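Before any comments, here is the structure.
The values are calculated or read from the model by the stated rules, or taken from the named source; none is laboratory data. Computed from a prediction, not measured in an experiment: that's the story for all the values here. Note: ideal-geometry Cβ built from the backbone for every residue, glycine included; neighbour counts use all protein chains shown.
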Amino acid sequence: MLLAIDIGNSAIKFGVFDGEHLLFKFGIPTDRDCSPDDLEQAVAGSLEFPFESAIACSVVPQVEQAVLEFVTRRLQVELLLLDNTFDFGLAIKYETVSTLGTDRLVNAFAAVAKYGTPLIVCSLGTATTIDVVNDTREYLGGVIAPGIPAMAEALPMKAINLPLVDITKPASVIGTTTVDSIRSGIYYGYASLLDGLIRRIASEFGTLLAPKVIATGGFANLIVPECESIDITDENLLLDGLRLLSDKRSAV
């Protein structure tokens with residue numbers, strides 16, 4: 001069995017694979033000060049499987065050592081922690097590869113493997129990233145925008161008379177209360193942001209084939225129903241990418 005770990009800004013997500021089948025997944029909040037013992041307590045026996053290998057990607061360097069020790073000492077398997085030097089099977093045209101989030105490359109790799117090229121991958125999490133791969137498997141770069149939580153949290157910080165609201169779909173675009181007006185601005189505003197960016201990216205693509213647009217991340221299921229430009233929602237895209245990369249490494 002394979003353990004796939006996605007170390008994100010808000011959550012550490014675990015996926016347990018038996019071959020190609022995702023048996024089980026769960027997440028815990030990301031604690032940048034956690035120890036291996038803290039991780040063991042947080043997973044609370046959820047990883048009682050006979051693992052043969054483990055693979056991870058991370059955007060939180062402060063947590064990586066604790067995860068590495070937890071996996072190698074507690075689970076007794078080697079952990080492959082991906083970085084940007086790994087062969088993702090893409091020609092990377094990004095000018096500062098060292099600053100490119102490994103999760104973006106894993107998502108792009110997974111989307112190409114599952115859906116082909118050309119494509120646009122939108123990951124809606126703490127931040128929103130949009131990544132572009134053309135029909136010759138060149139990773140061209142993309143967009144980074146504040147995520148939906150950042151938008152919700154920033155408003156009351158800068159406008160002290162406005163409340164922090166939970167992120168849900170409002171009944172209509174025209175809000176009849178301050179709370180619903182804020183919800184509308186966040187929810188429908190974000191859907192329009194995505195559609196607008198995707199439309200602009202597609203216009204720059206320079207390919208005869210229309211790019212397929214894939215959405216993933218914790219807020220995809222919330223926002224995608226209001227988006228006109230997204231073809232597929234794949235909530236397990238990154239975990240599947242880790243599995244595929246583990247298989248690729250094993251085949252070498």
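Restrict the check to the range 64-86 and report whether at least one residue is polar (S, T, N, Q), assigned by TED's automatic domain parsing to the domain that holds N9, in contact with a strand residue (DSSP E or B) (Cβ under 7 Å, 6 or more places away or on another chain) and within 25 Å of A11 (Cα to Cα).
yes
Does F14 satisfy the criteria of being at negative phi, touching a Pro at 6+ places or on another chain (Cβ under 6 Å) and not assigned by TED's automatic domain parsing to the domain that holds T102?
Answer is no for this residue.
Scan the helices (runs of 4 or more DSSP H) fully inside the range 132-225 and keep the ones with 1 or more residues being at pLDDT below 95, hydroxyl-bearing (S, T, Y) and outside the structural domain of N9 (by TED's automatic domain parsing).
178-203
Hey, among the residues in the range 226-251 that are part of a helix (DSSP H, G or I) and among the hydroxyl-bearing types (S, T, Y), which one's farthest from G125 (Cα to Cα)?
S250
Restricting the range 180-200 to residues that are in contact (Cβ under 8 Å) with a residue 40 or more places away in the chain and buried (at least 20 other Cβ atoms within 10 Å of the Cβ), which is farthest from D166 (Cα to Cα)?
Per the stated criteria, the residue is I198.
Residue under question is F51, and the condition is that it be under 16 Å from G15 (Cβ atoms), in contact (Cβ under 8 Å) with a residue 40 or more places away in the chain and either aromatic (F, W, Y) or touching a Gly at 6+ places or on another chain (Cβ under 7 Å) (or both); does it hold?
Spelling it out, F51 is indeed under 16 Å from G15 (Cβ atoms), in contact (Cβ under 8 Å) with a residue 40 or more places away in the chain and either aromatic (F, W, Y) or touching a Gly at 6+ places or on another chain (Cβ under 7 Å) (or both).
Only one residue in S250, S246 is outside the structural domain of N107 (by TED's automatic domain parsing), among the hydroxyl-bearing types (S, T, Y) and surrounded by fewer than 15 Cβ atoms within 10 Å (Cβ to Cβ), so which one is that?
It is S250.
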